[in-house]
Amino acid sequence: MNKVAHYLQEHLMGEVMVDMDARRYFSTDTSVLEIVPAMIVYPRNENDVRKTARFAWQLAERGRPIPITARGSGTDQSGGAIGKGIMMVFPAHMNKILELDTRTGNVIVEPGLNYAKLQQALHTHGRFLPPFPSSMEYSTIGGAIGNNASGEKTIKYGSTRNFIDRMRVVLANGEVMETRRLSKRELNKKMGLSSFEGEIYRTIDALIEENHDLVKNLGFDVSKNTAGYDIGSVKQKDGSFDLTPLFVGSQGTLGIVTEATVATEPYNPTSTLIAALVTNLDHAKEIVIELNKMSKPPCAIEVVDEHLLNFVHNNNPNQLKGILKPPFPQLVMLIEFDDFSPKQQKKNAKKVIKFLNSLDIQTKVETEAHKKEELWKIRHTAASVIAFTKGEVRALPIIEDGIVPVERFDEYLDKVYDLFKKNHLEAAVWGHAGNANLHMQPFLDLTSLGDRQKVFRLIDDYYNMVIELGGSTSGEHNDGRIRAPYLSKLYGPETYEIFAKIKRAFDPHGVLNTGVKIDVAIDDIKPLLRNEYSVTHLYDHMPHS
Ligand SMILES: Cc1cc2nc3c(=O)[nH]c(=O)nc-3n(C[C@H](O)[C@H](O)[C@H](O)COP(=O)(O)OP(=O)(O)OC[C@H]3O[C@@H](n4cnc5c(N)ncnc54)[C@H](O)[C@@H]3O)c2cc1C
């Protein structure tokens with residue numbers, strides 16, 4: 001055991017591991033990149049996190065920085081949950097629901113808590129956490145906070161950021177910060193502190209004031225965005241100030257979350273689900289715009305394309321048996337209403353069906369739980385692509401998650417298909433149509449030199465295309481290492497410089513998840529490309545129903 005690991009083992013309640021098996025397991029997330037960490041730490045409590053951060057800070061002050069990467073279940077597809085230093089793994093011990101207030105619906109959680117377990121507990125109290133990712137069975141709430149995860153219900157309810165009320169965060173030097181919205185007076189008090197926390201408040205407030213116009217106009221014309229840092233939500237017009245939105249979606253690059261107070265919504269399982277069989281691609285945009293205009297909009301507008309359905313039909317035909325058969329429509333859109341009033345649901349469904357019929361689009365409508373589950377299977381077939389293997393060919397998460405203004409949804413689809421065609425690749429596209437946020441994973445072989453070169457060509461073409469469409473490179477999967485090189489182009493160099501200053505304010509020695517989000521060039525990630533691709537971190541849970 002090296003000196004650092006030895007010191008930590010002596011001082012922490014949790015375990016420290018340096019054996020090669022453990023390090024190899026944590027050398028990958030579900031991205032295409034790989035970095036072997038120096039050691040694994042399983043913190044038992046916040047004090048363990050504080051001590052580790054404090055020690056890393058002291059080492060950095062002596063010119064020997066060792067990075068710390070916080071980790072949930074490692075399902076990150078951006079390379080955000082790997083790192084070369086200390087891998088701090090939360091699901092082992094810090095995985096509890098600490099408090100559930102049945103009156104307000106607020107729940108206090110530890111970061112390593114499995115998301116699906118939290119959702120189950122909430123359901124028993126008639127509540128739910130709406131921005132759940134489709135990976136919730138095998139991911140944590142801490143990871144969702146780290147990535148500002150979203151999901152099928154985000155179109156109505158918003159992203160993770162909208163649900164995090166307050167947090168406890170261990171700062172780079174081991175101090176603990178409690179975040180929540182502060183009044184102007186409370187902010188002044190914080191800024192008067194002589195601690196590192198006080199310094200952070202002073203720096204961030206000054207940064208916002210000095211760059212007022214840039215900070216207020218950061219947004220794109222997209223309905224969700226997890227690229228960069230959400231500095232625009234920190235200070236409100238009334239002078240109130242909250243660092244919570246800055247930490248959410250920061251991928252552990254600004255601090256390590258040890259506790260979060262999460263808001264929830266009342267849960268209504270009795271929804272109405274419509275499947276629209278769209279035979280003309282040009283209608284997709286029209287439908288999404290019409291649905292988003294509704295005064296009581298759907299809680300989900302999801303999509304899969306015919307290439308995905310054909311792929312599933314050819315490889316695993318039973319999955320679609322009794323639900324859909326070929327020839328498949330160009331797109332299947334799933335539209336769901338979860339209003340508590342059955343009358344309202346019926347009214348909405350009727351209106352949507354009338355509109356779809358006016359475009360000659362066939363529909364299926366279901367309200368019974370098991371029938372809805374059947375229809376949802378159409379969307380969940382995307383998992384077959386992710387699990388596909390043929391020789392060394394795998395579906396790689398390299399060009400995925402771009403989001404564009406909904407008015408450009410049709411152009412986005414066309415350009416994605418062109419990109420696949422140009423590169424002689426089989427297409428399969430799915431995602432969150434209501435947000436114009438698409439996912440796709442081209443089939444490539446990382447043992448082939450030609451395909452390895454293609455990876456970076458595709459990455460460059462795809463993210464530049466999304467930026468040119470006025471979109472964001474990441475709707476929900478975050479920048480990590482894969483998309484970080486495009487952050488400066490996406491926001492422009494001035495805003496990027498603000499992000500870099502934020503990073504330096506929180507992490508002056510560059511220890512927190514180094515190499516993620518900020519200061520990443522494509523040439524930094526090329527040597528990290530894996531020689532094979534597998535989704536080790538999903539095997540415990542896949543397949544599941
Ligand atoms: C098949 C599949 C489907 C997916 N579907 C979706 C989807 O629908 N929507 C979506 O948004 N994402 C999706 N993802 C991406 C990913 O699963 C989610 O973002 C998930 O929330 C990550 O959780 P995790 O526990 O695996 O986190 P990890 O992968 O372990 O970590 C994610 C990030 O959060 C940081 N982090 C973790 N814990 C902490 C902490 N305590 N403090 C600070 N930072 C921390 C990590 O450093 C890392 O940068 C999908 C991934 C896969 C493989």
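Of all residues in the stretch 139-158, those being crowded, with 23+ Cβ neighbours inside 10 Å and assigned to a helix (DSSP H, G or I) number 9. Cβ-Cβ contacts under 6 Å between residues 6 or more apart (or on different chains), taken from a first residue in the stretch 245-256 that is more than 16 Å from Val176 (Cβ to Cβ) to a second residue that is of a type in the set (A, V, I, L, M) and within 7 Å of the ligand (Cβ to nearest atom), are listed as Val248/Ile145; Gln251/Val516; Thr253/Val516. Each residue in the stretch 216-256 was checked for being of a type in the set (Phe, Trp, Tyr), assigned to a loop (DSSP other than H, G, I, E, B) and surrounded by 22 or more Cβ atoms within 10 Å (Cβ to Cβ), and 1 of them qualify.
Please enumerate the residues belonging to the stretch 257-281 that are under 29 Å from Leu291 (Cα atoms) and in a strand (DSSP E or B). Val262, Glu265, Pro266, Thr272, Leu273, Ile274, Ala275, Ala276, Leu277, Val278 - these are the residues of the stretch 257-281 that are under 29 Å from Leu291 (Cα atoms) and in a strand (DSSP E or B).
Of all residues in the stretch 425-437, one or more are free of Cβ contacts under 8 Å to residues at least 40 places away in the same chain, farther than 18 Å from Val535 by Cα and either surrounded by 17 or more Cβ atoms within 10 Å (Cβ to Cβ) or more than 16 Å from the ligand (Cβ to nearest atom) (or both).
Condition check ((1) within 29 Å of the chain's Cα centre (by Cα); (2) of a type in the set (Asp, Glu)) across all residues:
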position: Leu8; (1), (2): no, no
position: Gly14; (1), (2): yes, no
position: Ala22; (1), (2): yes, no
position: Tyr25; (1), (2): yes, no
position: Asp29; (1), (2): yes, yes
position: Ala38; (1), (2): yes, no
position: Lys51; (1), (2): yes, no
position: Trp57; (1), (2): yes, no
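Where helices (runs of 4 or more DSSP H) fall wholly inside the stretch 301-415, the ranges with 1 or more residues that are more than 16 Å from the ligand (Cβ to nearest atom) and in contact (Cβ under 8 Å) with a residue 40 or more places away in the chain are 306-315, 342-358, 369-380. Evaluate the stretch 294-308: report whether one residue or more is surrounded by fewer than 16 Cβ atoms within 10 Å (Cβ to Cβ) and of a type in the set (A, V, I, L, M). Within the stretch 294-308 (the criterion being surrounded by fewer than 16 Cβ atoms within 10 Å (Cβ to Cβ) and of a type in the set (A, V, I, L, M)), the answer is yes, since at least one residue qualifies. Mind checking whether some residue in the stretch 477-486 is in contact (Cβ under 8 Å) with a residue 24 or more places away in the chain and surrounded by fewer than 17 Cβ atoms within 10 Å (Cβ to Cβ)? Taking every residue of the stretch 477-486 in turn, none turns out to be in contact (Cβ under 8 Å) with a residue 24 or more places away in the chain and surrounded by fewer than 17 Cβ atoms within 10 Å (Cβ to Cβ). Do we find a residue being at pLDDT 95 or above, part of a helix (DSSP H, G or I) and touching a helix residue (DSSP H, G or I) at 6+ places or on another chain (Cβ under 6 Å) anywhere in the stretch 467-476? Yes, the stretch 467-476 has at least one match. Among the residues making up the stretch 511-544, those that are out of contact with any strand residue (DSSP E or B) (no Cβ under 9 Å at 6 or more places or on another chain) and either more than 15 Å from the ligand (Cβ to nearest atom) or in a helix (DSSP H, G or I) (or both) are Asp519, Ala521, Ile522, Asp523, Asp524, Lys526, Pro527, Leu538. When restricted to residues that are within 12 Å of the ligand (Cβ to nearest atom), more than 28 Å from Leu182 (Cα to Cα) and touching a residue at least 24 places away in the same chain (Cβ under 8 Å), the stretch 136-171 contains 6. Residue-level check: of (1) closer than 27 Å to Gly79 by Cβ; (2) touching a helix residue (DSSP H, G or I) at 6+ places or on another chain (Cβ under 7 Å); (3) among the charged types (D, E, K, R), Lys117 misses just (2).
Look through the stretch 460-483, keep the residues that are β-branched (Val, Ile, Thr) and under 11 Å from Gly402 (Cα atoms), and return whichever of them is farthest from the ligand (Cβ to nearest atom). Within the stretch 460-483, the match that is farthest from the ligand (Cβ to nearest atom) is Ile467. Apart from one condition, Asp213 fits all of (1) in contact (Cβ under 8 Å) with a residue 12 or more places away in the chain; (2) not in a loop (DSSP other than H, G, I, E, B); the exception is (1). Ser240 meets all of the listed conditions (1) more than 22 Å from Phe132 (Cα to Cα); (2) in contact (Cβ under 8 Å) with a residue 60 or more places away in the chain; (3) more than 8 Å from the ligand (Cβ to nearest atom) but one, namely (2).
The values are calculated or read from the model by the stated rules, or taken from the named source; none is laboratory data. Not measured: the values here are computed from a predicted model. When we count neighbours, we look across all protein chains shown, and the Cβ atoms used for this are built from the backbone with ideal geometry, even at glycine.
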